[in-house]
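Chemist: Sharing a structure below in structure tokens format, with a few things to ask.
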Amino acid sequence: MNEEIISQFPTLNNRNYLASCSQGLLPAGTSSAMTAYHEELLTNGTNWDAAMEMLEKARESFAGLIGADTDEIAVVSSVSHAISAVATAFPDSLTRDEIIFTDLDFPTVADVWFSQARFQGKLHVIPAEQGEISLESFEKYINEKTLLTSIPHVHYKSGLRMDIREIAEMAHRYGSLLFVDAYQSAGHCPIHVKEMGIDFLTTGTRKYLLGIPGIAFLYINKETTEKLQPGITGWLGKGKIGARKFDTGTPSFISAYTARASLDLIQSVGVHRIAAYLKELGVYTVQYGCEKGLRLYGTEQLENRTSLTAFAHPQAAEVVRKLQNKGVVLTAKDNIIRIAPHFYNTRQDIERAIDEIVLLSE
Ligand SMILES: Cc1ncc(COP(=O)(O)O)c(C=O)c1O
């Protein structure tokens, strides 16, 4: 990526930042959009219409990012909220009632489904083998009783990318809906919900979408929404048609200003361009890390990996804490260290971070 793009991220002046799987960096233009909202509060106190207009613009930008219609997007507060809303929305009259999710889903997926009294005894978790789940494994679990199959687009620990098209095709063959958690992919992996056969997709904005917490989007395709009535609702969703019936109460407006500005930046750079750049950076991270003696966590098949790369390390949390003090920002999960670049990172960032990990491991 060019200097001009990199210069839009002031944090890079004093941090080697490789934690976009947790929180993406705030672009300068997005920071200005946040300030505009702040100024509005200071000057006018309230400007409901302007804030609601911004919310619609954010909804529109997100729809554009994933190839959906604006009416197919609900604005919710978190990914957990989106999953909960969907879990409460199915009519009583259903003939199928089994829910499938996977070992590779973020833990909140299981937390939500296990808390739904209606689906107790109807939940199936597909185990991962060597960090992956084969199509054959999905075939063992999905059947005529499956109401919904939930998958992550990208595994939050290893960076493994799932083949959505193939899984969607299988789920639909058995009559199951497909739910995709795209929190680790939106913003750097191309997504086209129609072409990929996705029925539900959710993501928040604080990772690769370069936003802040407080807002998440939920895509539900038109035909599916018509059959649903969310049990979590409120005055902004009541009586609405399309996915908007999943809106609830007043959203985090500042997150909407942020989302709109960052989504537009990502669209202007282009997700395909970002993906191509990060593919190279991801391959380089694996190569350089292994060359330096680090142990790769997750699949070794480079074509299935994203640029989120994890290395196994017995003192992962401690190493990450020490590096934080040196201005290198990584994240730890259990016994792994995650290196998660975005389009504002370079090979030198990766090399410096890996060299520091190796130094602390000696
Ligand atoms: C893949 C994935 N799904 C869901 C979540 C949790 O999202 P939320 O806190 O918005 O519920 C995370 C957070 O890190 C995540 O990585």
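Chemist: Val112 is checked against (1) in a helix (DSSP H, G or I); (2) surrounded by fewer than 18 Cβ atoms within 10 Å (Cβ to Cβ); (3) of a type outside the set (Lys, Arg) and fails just one. What number does that condition carry?
Modeler: Only one criterion in (1) in a helix (DSSP H, G or I); (2) surrounded by fewer than 18 Cβ atoms within 10 Å (Cβ to Cβ); (3) of a type outside the set (Lys, Arg) is unmet by Val112, namely (2).
Chemist: Considering each residue of segment 298-308, count those that are buried (at least 16 other Cβ atoms within 10 Å of the Cβ) and not in a helix (DSSP H, G or I), and give that number.
Modeler: Qualifying residue count, segment 298-308: 6.
Chemist: Still on this model: Under 8 Å between Cβ atoms, which residue pairs at least 6 apart in sequence (or on different chains) link something in segment 174-194 that is of a type in the set (Phe, Trp, Tyr) with a partner that is in a loop (DSSP other than H, G, I, E, B) and more than 12 Å from the ligand (Cβ to nearest atom)?
Modeler: Going by the 8 Å Cβ cut-off, the qualifying pairs are Tyr174/Ile142; Tyr174/Asn143; Tyr174/Glu144; Phe179/Asp199.
Chemist: Residues in segment 325-343: is at least one of a type in the set (Phe, Trp, Tyr), assigned by TED's automatic domain parsing to the domain that holds Asn13 and within 18 Å of the chain's Cα centre (by Cα)?
Modeler: yes
Chemist: Filter segment 85-99 down to residues that are within 16 Å of the ligand (Cβ to nearest atom) and open to solvent by 30 Å² or more (accessible area, probe 1.4 Å), then give me how many there are.
Modeler: 1
Chemist: Next up: Can you say whether Tyr277 is open to solvent by 20 Å² or more (accessible area, probe 1.4 Å), more than 22 Å from the chain's Cα centre (by Cα) and not polar (S, T, N, Q), as far as the supplied structure shows?
Modeler: No; evaluated as a whole, the condition is false for this residue.
Chemist: Write out, first by first residue and then by second, each pair whose Cβ atoms fall under 7 Å of each other, whose residues are 6+ apart or on separate chains, and whose first residue, in segment 197-223, is under 14 Å from Gln184 (Cβ atoms) while the second is more than 12 Å from the ligand (Cβ to nearest atom) and among the aromatic types (Phe, Trp, Tyr).
Modeler: Leu201/Tyr219
Chemist: Let me ask something else. When you look at Lys145, is it over 30 Å from Gly282 (Cα atoms) and either in contact with a helix residue (DSSP H, G or I) (Cβ under 9 Å, 6 or more places away or on another chain) or not hydroxyl-bearing (Ser, Thr, Tyr) (or both), yes or no?
Modeler: Yes, satisfied.
Chemist: Something else now. For segment 1-18, name all the residues that are in contact (Cβ under 8 Å) with a residue 24 or more places away in the chain and of a type outside the set (A, V, I, L, M, F, W, C).
Modeler: Within segment 1-18, Gln8, Asn14, Arg15, Asn16, Tyr17 qualify.
Chemist: Another question, then. Quick one: would you say His153 is closer than 19 Å to Asp103 by Cα and either more than 11 Å from the ligand (Cβ to nearest atom) or open to solvent by less than 10 Å² (accessible area, probe 1.4 Å) (or both)?
Modeler: Against the criterion (closer than 19 Å to Asp103 by Cα and either more than 11 Å from the ligand (Cβ to nearest atom) or open to solvent by less than 10 Å² (accessible area, probe 1.4 Å) (or both)), His153 qualifies.
Chemist: Could you go through segment 61-71 and let me know if any residue there is in contact with a Lys or Arg (Cβ under 9 Å, 6 or more places away or on another chain) and either part of a strand (DSSP E or B) or open to solvent by 50 Å² or more (accessible area, probe 1.4 Å) (or both).
Modeler: yes
Chemist: Residues of segment 19-43 being polar (S, T, N, Q), open to solvent by less than 60 Å² (accessible area, probe 1.4 Å) and in contact (Cβ under 8 Å) with a residue 24 or more places away in the chain, which ones?
Modeler: If the condition is that a residue be polar (S, T, N, Q), open to solvent by less than 60 Å² (accessible area, probe 1.4 Å) and in contact (Cβ under 8 Å) with a residue 24 or more places away in the chain, then Ser20, Ser22, Gln23, Thr30 are the ones that fit.
Chemist: Do the conditions hold for Arg173, that is, is it over 23 Å from the mean Cα position of the chain (by Cα) and either more than 16 Å from the ligand (Cβ to nearest atom) or assigned by TED's automatic domain parsing to the domain that holds His313 (or both)?
Modeler: Yes; evaluated as a whole, the condition is true for this residue.
Chemist: Right, something else. Residues that are within 16 Å of the ligand (Cβ to nearest atom), in contact with a Ser or Thr (Cβ under 6 Å, 6 or more places away or on another chain) and open to solvent by less than 30 Å² (accessible area, probe 1.4 Å): does segment 223-246 have at least one?
Modeler: No - not one qualifying residue is present in segment 223-246.
Chemist: Out of curiosity, is Leu160 within 16 Å of the ligand (Cβ to nearest atom) and either aliphatic (A, V, I, L, M) or over 19 Å from the mean Cα position of the chain (by Cα) (or both)?
Modeler: Yes.
Chemist: If you don't mind, there's one more thing I want to ask. So, in segment 126-149, of the ones that are crowded, with 17+ Cβ neighbours inside 10 Å and free of Cβ contacts under 8 Å to residues at least 40 places away in the same chain, which residue ends up nearest to Arg161 (Cα to Cα)?
Modeler: Across segment 126-149, the extreme among qualifying residues is Ile133.
Chemist: Of everything in segment 178-192, what is open to solvent by less than 10 Å² (accessible area, probe 1.4 Å), farther than 13 Å from Ser150 by Cα and within 12 Å of the ligand (Cβ to nearest atom)? Give them in sequence order.
Modeler: Correct list: Ser185, Ala186.
The values are calculated or read from the model by the stated rules, or taken from the named source; none is laboratory data. The model shown is predicted, which means the values in this text are computed figures rather than measured ones. Counting neighbours? That spans all protein chains shown, and the Cβs are built from the backbone with ideal geometry, glycine included. Heads up: the accessible areas ignore ligands, DNA and RNA and are worked out on the full protein's heavy atoms, side chains in. Shrake-Rupley method; radii C 1.70, N 1.55, O 1.52, S 1.80 Å.
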